[in-house]
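Accompanying notes for the structure given below.
The values are calculated or read from the model by the stated rules, or taken from the named source; none is laboratory data. As the structure is a prediction and not an experimental result, all values here were calculated from the model. All Cβ positions, glycine included, derive from the backbone under ideal geometry; neighbour counts span all protein chains shown. What goes into the accessible areas is simple: the full protein's heavy atoms, side chains included, and nothing from ligands, DNA or RNA. Shrake-Rupley method; radii C 1.70, N 1.55, O 1.52, S 1.80 Å.
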Amino acid sequence: MNNETTKQNLLRVTRNLIDNSGIEAVSMREVGRRADLSRTASYRHFKSKQSLLAEIVVEDFHILSSMMLELENIPTQPKQFLVKVLNSYHRFAMENPEHYQLMFNTKWDTEKFPEIETVALLVFQKTTEYVDKALKASDSTFHTSTEATAILYAFIHGLVELNLVGHKEIAKGLDNPGLLIAKFIDSIFQ
């Protein structure tokens, strides 16, 4: 097995371990064992568990970005497009809760792992482009594109966090995330 194949195998094993047993189950020893490598072989590719998980986070941001870019192939009005973007964001978080936690609920050292900040910023900037189109289409000058994107991020992350811990009560109106997202977008881009 060449170095790149071994590295990809370690990432695949780590992803499977996270998906099936949670982040806590990830250790360099366990990843190496499941990848059929010696105890020290994993360290040739990743200096630490943190560097291994950082690479997973970078991959996750690329996955999230790809989901958003796929939506661009479906012609939609800017406001409805944002509804689709936030729905895909929510779906990603609900289908990948451990990965979401790693991406957004972990404070990453940006000096050690600048690539995380880079890919996270790219997703934010892409979302800002979508927001800018919706603002222009609605002739809204109430917010700048960056402010409106920050508001969208605060909303979707709040909704995701509530849903991830089980708050989906009908009495609180949390049972239909798609409807909440649509109503929220309507309120921002009137």
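Here are the numbers:
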item	result
Boolean, Asn20 is open to solvent by 30 Å² or more (accessible area, probe 1.4 Å), more than 18 Å from the chain's Cα centre (by Cα), of a type outside the set (Gly, Ala, Ser) and on the phi < 0 side of the Ramachandran plot	yes
Scan of the range 151-186 for residues that are closer than 14 Å to Leu86 by Cβ, open to solvent by 60 Å² or more (accessible area, probe 1.4 Å) and in a helix (DSSP H, G or I), ordered by number	Ala154, Leu179, Lys183, Asp186
Hey, Ala148 under 23 Å from Ile188 (Cα atoms) and buried (at least 16 other Cβ atoms within 10 Å of the Cβ) or not	yes
Unique residue being over 29 Å from Asp186 (Cβ atoms), out of contact with any Ser or Thr (no Cβ under 7 Å at 6 or more places or on another chain) and of a type in the set (A, V, I, L, M, F, W, C) when the list is Phe81, Phe113	Phe113
Residues (modelled with pLDDT of 90 or more and out of contact with any helix residue (DSSP H, G or I) (no Cβ under 9 Å at 6 or more places or on another chain)) located in the range 163-174	Val165, Gly166
Filtered residues of the range 39-77 (kept if part of a helix (DSSP H, G or I) and among the β-branched types (Val, Ile, Thr))	Ile56, Val57, Val58, Ile63
